[in-house]
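The next block holds one structure in the form of structure tokens; read it before the comments.
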Amino acid sequence: MDALAPMRAHGPLKTSRMSETAYEAIEGAIVRCELPPGTPLVDRQLSEVLGVSRTPIRDAMQSLEAAGLAVRVRGRYSVAGFDVDDIRELYEVRRLLEPAGLERLAQTWDEETVDELAGFFEEAQRPGPPGPYEEYLARDHAFHKRIVALTGNSRVKRFYAVNEKQINRIRHYLAPGYAGRMNEVVSEHKDVCEAIGRKDLAAARAALIGHLEAGEATMIKFLAQQQESSGA
């Protein structure tokens, strides 16, 4: 079986921004779980698939390691795995960063922003298999990213982006279990949006944290089930 088959469809990369583009291509495949945890990342194979030299691939490997998406053992890279502790730490970071955006919004309750967030999911399709689920998930990501952006802190936004990519990878890996919780996810988002619309910081913060805690618990549950079924 060709582990890199999903990446071959992208074809060779263009010559400009080679290292950055190589990173983006490999990172995307990892986050989407086209390259699942444990997949070897061999520079010779990746350079052939992406149509670049080994130098930008090696640069990309170092960046992926720094982002927590790849690990190096005895000089060889592979896609990083994850466990319950990783999920807990990632969600702890979210519970620290996302409420900060709500708190900044509450300093002014800017009407345009309140209206935007209060109606964020009004036009989103109710999730279902498979397209609407993916569309809703993208809307979900955009909503949380928008809340973090309200902090106005560029470092917070960059750090959150790294954290969110790791969350997204786990979410793709555990997609069947996460998709089964979508009715609850819709309701939880609605609670956050309605509280923002009322300009009720305490309620919005509580609803947001409750949503994140429920997401964490679901991921941990389905990871345990998957590990049990695989005998891990």
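The values are calculated or read from the model by the stated rules, or taken from the named source; none is laboratory data. As the structure is a prediction and not an experimental result, all values here were calculated from the model. Cβ: placed from backbone, ideal geometry, glycine included. Neighbour counts: every protein chain shown. Heavy atoms of the whole protein, side chains included, go into the accessibility calculation; ligands, DNA and RNA do not. Shrake-Rupley method; radii C 1.70, N 1.55, O 1.52, S 1.80 Å.
A few points about this structure:
- Relative contact order [Cα under 8 Å, 6+ residues apart], the chain, whole percent: 21 percent
- With the helix formula -39500 (n - 2.57) applied to DSSP H stretches of n ≥ 4, the chain reaches a computed 222 nm mean residue ellipticity of -22500 deg cm²/dmol.
- In plain terms, the chain from Glu24 to Lys221 could stretch by 67.9 nm, reckoned as 0.36 nm per residue minus the Cα-Cα distance.
- In degrees, nearest ten, helix 131-149 long axis to first principal axis of the chain (Cα): 70 degrees
- Full-stretch length increase - Arg54, Arg158 - with 0.36 nm per residue and alpha-carbon distance subtracted: 34.7 nm
- Of the residues Lys165, Lys221, Lys145, ranked by 1.4 Å probe accessible area with the largest first, the sequence reads Lys145, Lys221, Lys165.
- Cα-based helix-to-principal-axis angle, 201-230 vs the chain, degrees rounded to 10: 40 degrees
- Computed with a 1.4 Å probe over protein heavy atoms only, the accessible area of Leu201 comes to about 60 Å².
- Note on Glu111/Val71: beta-carbon distance plugged into 1/(1 + (r/R0)^6) with R0 of 45 Å gives a FRET efficiency of 0.45.
- Apolar share of the accessible surface for the chain: 50 percent from carbon plus sulfur atoms, 1.4 Å probe.
- Once all protein chains are placed together, Met18 keeps about 40 Å² accessible to a 1.4 angstrom probe.
- With a Förster radius of 25 Å applied to the C-beta separation of Arg32 and Lys199, the computed FRET efficiency comes to 0.10.
- Spatially near lysine pairs across the chain, Cα under 27 Å, sequence gap of 8 or more or different chains: 13
- A crude spin-label estimate for the pair Glu213 and Ala142, with each label 7 Å from Cα along the Cβ direction, gives 3.0 nm.
- Between 0 and 90°, nearest 10: helix 54-66 axis offset from the chain longest Cα axis: 40 degrees
- Accessible surface ranking that places the most exposed of Cys33, Cys193 first, with a 1.4 angstrom probe: Cys33, Cys193
- Per-selection Rg to Rh, segment 156-207 - Cα, Kirkwood hydrodynamic radius: 1.09
- The largest accessible area among Arg181, Arg58 belongs to the first residue in Arg58, Arg181, and the rest follow in falling order (1.4 Å probe, all chains).
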